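See below for the structure under consideration.
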Amino acid sequence: MTTGETGPTPGERVAGHRVVLAVYVGILAVAGTLGGLLGIVNPDGMDPELFFLVDLPATPLGMVVFGVTTVGSVLGVLLLVVGYVSRFDDDGVE
């Protein structure tokens, strides 16, 4: 920054939506990885049901689908609610 500037330029500032999206994708990657590991270990009594409707096999692929879909939908709904509510924030930064 040079003398006289009051804050970071748009190029120097990290956009909030990009950060949230990166964290969301990172969390989905962790959920998929842990689901795959659980599918490999395959403990007894593990019968995943997607949204209590679809029976998934207790294989690594089934557990990845279960983990990513469940975590993604719950976090996605929460992020949509936060995005909607943030439109009405009078003190928000533009």
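The values are calculated or read from the model by the stated rules, or taken from the named source; none is laboratory data. Values in this document were obtained by computation on a predicted structure and should not be read as measured data. Note that we place each Cβ from the backbone using ideal geometry, even for glycine, and neighbour counts take in every protein chain shown.
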Cβ-Cβ below 7 Å, separation at least six or inter-chain, first residue in region 73-87 and within 17 Å of I27 (Cβ to Cβ), second surrounded by 10 or more Cβ atoms within 10 Å (Cβ to Cβ) and of a type outside the set (D, E, K, R): which pairs? L75/Y24; L75/I27; L79/V20; L79/Y24
Can you name the residue in region 8-50 that is part of a loop (DSSP other than H, G, I, E, B) and closer than 30 Å to R87 by Cα and, of all such residues, is modelled with the highest pLDDT? A15
Let me spell it out: the conditions are (1) out of contact with any helix residue (DSSP H, G or I) (no Cβ under 7 Å at 6 or more places or on another chain); (2) surrounded by 12 or more Cβ atoms within 10 Å (Cβ to Cβ), and V64 meets all of them except one. Which number is the exception? (1)
